[in-house]
Amino acid sequence: MAPLLDLYQLSMAYGHWRSGRHRLPASAELFFRRGPFRGAFALGAGLAEGLRGLRALRFSAADVAYLRSVLPSTMEDAFFDYLATLDASEVTVSAVPEGSVVFARVPFLQVKGPLLVVQLLETMLLCLVSYASLVATNASRFRFLAGPDVKLMEMGLRRAQGPDGALSASKYSYIGGFDFTSNVLAGKLYGIPVRGTIAHSFIMSFTSLEEVKPRELSPLGGGEPVDFLVLAKSWLGRVCELLQTPPEKVNQGELAAFVSYAITFPQNFQGLLDTYCVRRSGLPNFCAVALALHQLGYRAVGVRLDSGDLVQQSREVRQVFRACGAHFQVPWFETIPITVSNDISEQNLEEFSQEGSEINVIGVGTNLVTCPLQPSLGCVYKLVEVNGSPCLKLTEDEEKMTVPGTKTIYRLYDAAGHPFMDLMALEEEPSPSAGQELVVHVLERLSEATKVMPTTVEPLYHTYFRDGQVCEPLPSLLEVRSHAQMSLSLLNPVHRRLREPEPYPVAVTEKLHHLLTKLRQVNQ
């Protein structure tokens, strides 16, 4: 597979090749500079896709022919012959496990190999990792706000940036903590549980009870089929009397749609309540059909609200369910799940929690998959070492300064089990130990030395790719999701909070600080 790359990488590759530098050993790191959504953390994702791209890296004859047509005609033929032989067999990739919490300025992916190949991989890895990490992080924020008991459904396929963006959103929002997706292809490809019932258009397509065909439904336990429409109409009268709702206000087309849907899917009946009026029509119609199903041994699986004051409506719906459950002696009726949708945002979830809603399932689309609060994670890919010499990008913008040298990353934990600092060390340095006093320099205040003593030290990097092959078993999507939720749960609440979190410290060892200081002095 031809790599995803920008033209300037080929120009640089040619420059390295012509000067004989293309095989110099090099090291690059991938990281982001600021926490997304004004938070302190992100979830690292997309690693498995990046590794698959590496394993398949090739320039086909057609690729090479195309590159000849767009690159300057003065370029030597031997360079294109070289590209035709290129692969990732000499590349080594180390990374933080997919689904791990990662922090700004901390490299969560490291690439070593020949200089030309390392630079050619930049755009592909950034493309496959950046959006994946962004949407996984966005999903984790929705999960925090929803709380552990509410189910979350991703439903952004129609609003995503094309089919590839939609599939990525489904996959990585699942890692971030969503429970289901409406995206059938994502369910097939990735094994994500799929959910979905009906839209307003189904209900609006019915106008009268005469359109209900067939009308019969057999009891769940067996027996003769009954005229389900007649049964539902009889229950509707009783429900309207209980709710003191005028029967003539109930929309007949809506009732026809509910009855037809219940006959078709008697064990999966969910009512969409707000096509007309929730209180006067949607609720009575749903309750009548659900009670008719109950009489035949079935259970309705829920309702959905898609407009209006969702918190208030959820309370009113729950009140009606409790009334029906008590009056008609159907205990399970009181706990029928209530699903909501309608351009749900972080702010909506905060309101649901603060105002005490009765919502059980939340469907999120646009504000999840398009990440409108932060459209890009801003990942960068920077050389840190070439031919054994550390590289430093020194700029007037302090934030854009890189940390030189091939490094290992450690996460330091306190006695409560929370990570309190990530520490960058040069690869050749000995590993720090639990209970050892460490002298470090936090990036935001490099001139100051700080002493810390971790209770636990975790090396973050695993080597995932070597000699052209993935060299460590990759976890399943479900395992990545579980790891992500565990990683998030370990965060100190001051770093986990979504509004004005306490910055998470990232530090360098004394040896790395000395190297950084030396290179800054030389290059100033």
Checked the stretch 142-224 against the a/c 1.5 cut and the a/b vs b/c comparison, axes a ≥ b ≥ c from its Cα gyration tensor; verdict prolate
Phi-derived 3J(HN,Hα) across the stretch 164-175 with the Karplus relation (6.51, -1.76, 1.60, θ = phi - 60°), rounded Hz, x for Gly and Pro, is 5, x, 5, 5, 4, 4, 4, 5, 7, 6, 5, 4
Table column - 3J(HN,Hα) (Hz), the stretch 269-275, Karplus curve with 6.51, -1.76, 1.60, x for Gly and Pro: 7, 10, x, 8, 8, 10, 5
Taking Cα pairs under 8 Å and at least six residues apart, what relative contact order does the stretch 167-317 come out at, in percent? 22 percent
Ignoring ligands, DNA and RNA, what percent of the accessible area of the stretch 479-524 is carbon or sulfur (1.4 Å)? 53 percent
At the level of C-alpha centres, the distance separating the stretch 324-342 and the stretch 226-240, in angstrom, is 18 Å
How much FRET efficiency would the formula 1/(1 + (r/R0)^6) give for H294 and A434, where r is the Cβ-Cβ distance and R0 is 35 Å, rounded to 0.05? 0.05
Amide H proximity to G302 below 5 Å, modelled H, separation 5+ or other chain, gives G271
Along the Cα→Cβ direction, 7 angstrom out, place labels at E479 and S345. What is the inter-label distance in nm? 4.0 nm
Round to the nearest 10 and give me the degree value, 0 to 90, for the angle of helix 252-264's Cα axis relative to the longest principal axis of the chain. 70 degrees
Would the stretch 428-512 count as rounded, prolate or oblate if I go by the C-alpha gyration tensor, calling it rounded below 1.5 in a/c and otherwise prolate when a/b exceeds b/c, oblate otherwise? oblate
Residue-span extension gain [Q312 to V230] - 0.36 nm each, minus C-alpha spacing: 26.3 nm
Once mean projected area of the Cα convex hull in nm² is worked out from the coordinates, which option in (i) 32.8; (ii) 38.2; (iii) 30.1 does it equal? (iii)
For the stretch 31-79 and the stretch 441-480, what is the centre-to-centre distance using only Cα atoms, to the nearest Å? 23 Å
Among the lysines, which have Cα under 23 Å from the Cα of K188 when same-chain residues fewer than 8 positions away are ignored? K151, K171
Residues in the stretch 18-52 that a label on K393 would reach, taking backbone N under 14 Å of a point 7 Å out along Cα→Cβ: 28-34
If you stretched the chain out fully between S73 and K518, how much longer would it get, using 0.36 nm times the residue separation minus the C-alpha to C-alpha distance? 155.9 nm
Stretched out fully, how many nm does the piece from H200 to T450 gain, at 0.36 nm a residue minus the Cα gap? 83.9 nm
With a 1.4 Å probe and every protein chain kept in, tell me what percent of the accessible surface of the stretch 418-474 is carbon plus sulfur. 48 percent
How about K382: which lysines have a C-alpha closer than 17 Å to its C-alpha, ignoring those fewer than 8 places off in the same chain? K112, K393, K400, K407
Apportionment of accessible area to carbon and sulfur, the stretch 330-417, percent (1.4 Å): 44 percent
Rolling a 1.4 Å sphere over the protein heavy atoms, what is the accessible area per residue of the chain, to the nearest Å²? 44 Å²
Any idea what the relative contact order of the stretch 226-380 is, in percent, if you count C-alpha pairs under 8 Å spaced at least 6 apart? 19 percent
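The values are calculated or read from the model by the stated rules, or taken from the named source; none is laboratory data. Treat the numbers as computed from the prediction; the structure is a model and nothing was measured. Ideal geometry is used to build each Cβ from the backbone, glycine not excepted, and the neighbour counts take in all protein chains shown. Each accessible area value is taken on the protein alone, full model and side chains, heavy atoms only, with ligands, DNA and RNA left out. Shrake-Rupley method; radii C 1.70, N 1.55, O 1.52, S 1.80 Å.
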